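These notes concern the structure reproduced below.
The values are calculated or read from the model by the stated rules, or taken from the named source; none is laboratory data. Everything numeric in this text was worked out from a predicted model, so none of it was measured. Here Cβ is always computed from backbone atoms with ideal geometry, including for glycine, and neighbour counts include all displayed protein chains.
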Amino acid sequence: MSFLKIELHCHVKLFGRGVFRPAQLRRRLNRARRLGLSALAVTEHFDVPDFWEICRHLELLCANGGGGLRWGEMAVLTGAEVTIEESGDILLVGSAGALQVLENRLGCRRAGIPLSGIFPSCKDLLDASEDLGFLRIGAHPCRRGKELWKMGTLLRRLDALEINARELPLAGWVQHQAKQLGLSVVAGSDAHHWLQIGRLVNLLPEGCRLTAAGLKEALRQRQLTWQRSGGLPFFRK
């Protein structure tokens, strides 16, 4: 059986405080395509000052024929990693338009500049994003200082929990917690360097739609699995 390979957690910048350069984005897109990925979700931190510049370049680089962004044959999904007030992170995969609506609802920026130290609560983020069609994933839920378990039953409003390549030994614990909450599990490389893309990939049967809605449906039908792949070891930020 043939599978589609999908990367759901990829950053564009090595460090959030660094300056964005378009070449960084092209290098990541080319790397993902060379790896044979069917789809790449670009999920930069929502609070970096140049987040919208990254989104604009993504739309400029990737042809949109009415069926979404593409880099050659590879589908490209827009997303963000949003830090919550309680110290944790939620991945949102959807569209740039939906992210703009979310930003307006949360009031977390003025004139495109993030308000330092101001993050939405988990409930506020879930409420504000509920009707925007995002695939919502609890990122690296076991990471020290960012454990999501403290959110309790609020996590049931997510679509999935993430097995993160930087905490791969904790994959069994993530799977256990996801089962307890009735959630699916996805994998993410959490790539900050272009050579880290594809460390963990998600597998979907051919024919599945490579959109946020298509991925949500695949999760509901338990069609998604994951596997470990190549790439560099991960560093601690």
Among (1) more than 17 Å from T211 (Cβ to Cβ); (2) touching a helix residue (DSSP H, G or I) at 6+ places or on another chain (Cβ under 8 Å), there is one condition N30 misses while meeting the rest; what is its number?
(2)
Find all pairs meeting these conditions: Cβ atoms under 6 angstrom apart; at least six residues apart or on different chains; first residue within segment 137-157 and among the basic types (K, R); second residue surrounded by 14 or more Cβ atoms within 10 Å (Cβ to Cβ) and in a helix (DSSP H, G or I).
R156/L181; R157/L126
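Of the residues in segment 117-148, how many are part of a loop (DSSP other than H, G, I, E, B) and either of a type outside the set (G, A, S) or over 16 Å from the mean Cα position of the chain (by Cα) (or both)?
18
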Are any of the residues in segment 161-181 of a type outside the set (A, V, I, L, M, F, W, C) and in a loop (DSSP other than H, G, I, E, B)?
no
Residue pairs qualifying under the 7 Å Cβ cut-off, at least six apart or on distinct chains, with the first in segment 169-188 being touching a residue at least 40 places away in the same chain (Cβ under 8 Å) and the second being among the aromatic types (F, W, Y), are V186/W226; A187/W226
Are any of the residues in segment 172-182 under 25 Å from S2 (Cα atoms) and not basic (K, R)?
yes
Please tell me if A98 is surrounded by fewer than 21 Cβ atoms within 10 Å (Cβ to Cβ) and either at pLDDT 95 or above or under 17 Å from the mean Cα position of the chain (by Cα) (or both).
yes
Search segment 13-37 for residues that are touching a residue at least 12 places away in the same chain (Cβ under 8 Å) and part of a loop (DSSP other than H, G, I, E, B) and pair each with any residue that is buried (at least 16 other Cβ atoms within 10 Å of the Cβ) and among the β-branched types (V, I, T) when their beta-carbon atoms are under 6 Å apart and the residues are at least 6 apart or on different chains.
G16/V48; F20/I54
What are the pairs with Cβ atoms under 6 angstrom where one residue, in segment 55-84, is in contact (Cβ under 8 Å) with a residue 60 or more places away in the chain and closer than 15 Å to E44 by Cα and the other, located anywhere, is among the charged types (D, E, K, R) and surrounded by fewer than 18 Cβ atoms within 10 Å (Cβ to Cβ)? Sequence gap at least six, or different chains.
none
Listed residues F20, F3, F46; which is surrounded by fewer than 19 Cβ atoms within 10 Å (Cβ to Cβ), of a type in the set (A, V, I, L, M, F, W, C), touching a strand residue (DSSP E or B) at 6+ places or on another chain (Cβ under 9 Å) and within 23 Å of A213 (Cα to Cα)?
F3
Hits in segment 121-161 (condition: loosely packed, with under 14 Cβ neighbours inside 10 Å, under 18 Å from D190 (Cβ atoms) and either at pLDDT 95 or above or of a type in the set (G, A, S) (or both)):
G145
Under 7 Å between Cβ atoms, which residue pairs at least 6 apart in sequence (or on different chains) link something in segment 86-103 that is touching a residue at least 60 places away in the same chain (Cβ under 8 Å) and closer than 10 Å to G133 by Cβ with a partner that is of a type in the set (S, T, N, Q) and in a strand (DSSP E or B)?
V93/T43; G94/T78; S95/T78
Top-ranked residue in segment 172-228 [being surrounded by fewer than 21 Cβ atoms within 10 Å (Cβ to Cβ) and acidic (D, E); ranked as nearest to H140 (Cα to Cα)]
E217
